[in-house]
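A short worksheet on the structure shown next.
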Amino acid sequence: MIRYSNENDINNMTFLWNEAFGDSEEDIMFFINQKFKPQNTLVYDVDGKIASMLFLLEGNMRINNKTYPSYYLYAACTLNEYRGRGYMSLLLDFAKKTASDRG
């Protein structure tokens, strides 16, 4: 199921991030401490295990001299054992709807 993350997910998110990208725990925690917002972190939860996740980083996009609020997708990844099941596609669709709903 898709849900927003919470503070209790940080250990599982760190494990997933490390498996997917090979970054150190120190580097991952730097990002978590600086940028993590539960309301902007989407996870696909399978029986209490985070199978897939992505972060929505807030930003702005400028088009034809007009500025629009936007999100940058960051650290989108899926545990090896859950790849190929469409979880990331579902998260991306949910992220698109979330961004649209938020304007």
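The values are calculated or read from the model by the stated rules, or taken from the named source; none is laboratory data. What you see is a predicted model; the values in this text were computed from it and never measured. As a convention, Cβ positions derive from the backbone with ideal geometry for all residues, glycine included, and neighbour counts pool all protein chains shown. Side chains are part of the model used for accessible areas, which takes the heavy atoms of the whole protein and leaves out ligands, DNA and RNA. Shrake-Rupley method; radii C 1.70, N 1.55, O 1.52, S 1.80 Å.
For the chain, list the strands (runs of 3 or more DSSP E) that sit wholly inside it and hold at least 3 residues that are in contact with a helix residue (DSSP H, G or I) (Cβ under 7 Å, 6 or more places away or on another chain); which are they?
The qualifying strands (runs of 3 or more DSSP E) are 41-46, 49-63, 66-78.
Regarding Asn33, is this residue under 16 Å from Thr14 (Cα atoms) and either open to solvent by less than 90 Å² (accessible area, probe 1.4 Å) or within 13 Å of the chain's Cα centre (by Cα) (or both)?
no
In region 52-85, which residues are polar (S, T, N, Q), closer than 22 Å to Met1 by Cα and open to solvent by 70 Å² or more (accessible area, probe 1.4 Å)?
Within region 52-85, Asn80 is the sole residue that qualifies.
Out of (1) touching a residue at least 60 places away in the same chain (Cβ under 8 Å); (2) open to solvent by 20 Å² or more (accessible area, probe 1.4 Å), the odd one out for Glu7 is which?
Every condition holds for Glu7 apart from (1).
Write out, first by first residue and then by second, each pair whose Cβ atoms fall under 7 Å of each other, whose residues are 6+ apart or on separate chains, and whose first residue, in region 86-99, is over 12 Å from Met1 (Cα atoms) while the second is open to solvent by 40 Å² or more (accessible area, probe 1.4 Å).
Qualifying pairs under 7 Å: Ala95/Leu73; Ala99/Tyr71.
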